[in-house]
Amino acid sequence: MKLYVLNGPNLNMLGIREPSIYGKQDFNALIQYIKDVCAREDIEVECFQSNHEGVLVDIIQSALGKADGIVINPAAYTHTSVAILDALKAVALPAVEVHLSDVSQRENFRHISYPAMACIAQIKGKGFQGYEEAILLLKEHLKEQA
Ligand code: CA2
């Protein structure tokens with residue numbers, strides 16, 4: 001079982017500002033956390049981060065034939081990107097959207113998610129643990145499909 005984990009714009013700045021919203025740990029710690037969860041669960045993982053919408057679309061397209069599922073935190077593109085929604089629909093791989101913060105408790109513009117319309121679940125407000133939940137959910141989903 002192989003997963004792609006994608007992180008969108010500015011998530012590489014984790015730990016540098018806004019610790020009250022996104023926590024104190026930095027981006028490298030997040031990637032290590034994801035890799036540790038996947039190693040424990042016997043899942044192969046590739047992690048990506050980009051600040052560019054088109055690059056995220058390219059990575060989603062490249063998952064076809066290489067990954068069994070996608071965990072994605074599209075960051076600000078969550079609230080704007082029909083292109084990421086369409087890419088997820090195009091590859092038709094099971095995907096789970098993750099947010100560190102609880103976007104439903106923040107500004108109104110963060111309440112809409114386009115990519116979530118092509119995801120089997122959205123997990124929000126659980127910090128790094130949200131990524132673990134997404135990975136476990138995809139693992140169960142893929143086992144059921146097998
Ligand atoms: O809660 C999340 O995970 C978000 O996807 C994070 C995005 C935000 O636009 C979404 O509404 C919710 C922002 C990521 C930017 O992260 C920063 C990290 C450090 C300092 C400033 C921003």
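The values are calculated or read from the model by the stated rules, or taken from the named source; none is laboratory data. If you're wondering where the values come from, they're calculated on a predicted model, not measured in any experiment. Here the Cβ positions follow ideal geometry from the backbone for every residue, glycine too, while neighbour counts run over all protein chains shown. Side chains included, ligands, DNA and RNA excluded: accessible areas come from the protein's heavy atoms. Shrake-Rupley method; radii C 1.70, N 1.55, O 1.52, S 1.80 Å.
So that you can scan it fast, the table gives a plain yes or no per residue for (1) more than 17 Å from residue 100 (Cα to Cα); (2) at pLDDT below 95; (3) within 11 Å of the ligand (Cβ to nearest atom):
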| site | (1), (2), (3) |
| --- | --- |
| 9 | no, no, yes |
| 30 | no, no, yes |
| 33 | no, no, no |
| 44 | yes, no, no |
| 57 | yes, no, no |
| 60 | yes, no, no |
| 65 | yes, no, no |
| 68 | yes, no, no |
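The residues listed here are 114, 22; of these, the one that is of a type in the set (Phe, Trp, Tyr) and either under 24 Å from residue 141 (Cβ atoms) or at pLDDT 95 or above (or both) is 114. Looking across segment 1-28, the residues that are open to solvent by less than 60 Å² (accessible area, probe 1.4 Å) and touching a Phe, Trp or Tyr at 6+ places or on another chain (Cβ under 8 Å) come down to 4, 5, 6, 7, 8, 9, 11, 14, 15, 23.
Can you spot a residue in segment 122-140 that is of a type in the set (Lys, Arg) and in contact (Cβ under 8 Å) with a residue 40 or more places away in the chain? The answer is yes; a qualifying residue exists. When residue 90 is tested against the conditions (1) within 14 Å of the ligand (Cβ to nearest atom); (2) in a helix (DSSP H, G or I); (3) not charged (D, E, K, R), the lone failure is (1). Do you know which of the residues in segment 104-146 that are open to solvent by 10 Å² or more (accessible area, probe 1.4 Å) and of a type in the set (Val, Ile, Thr) is farthest from the ligand (Cβ to nearest atom)? Top of the filtered list is 120.
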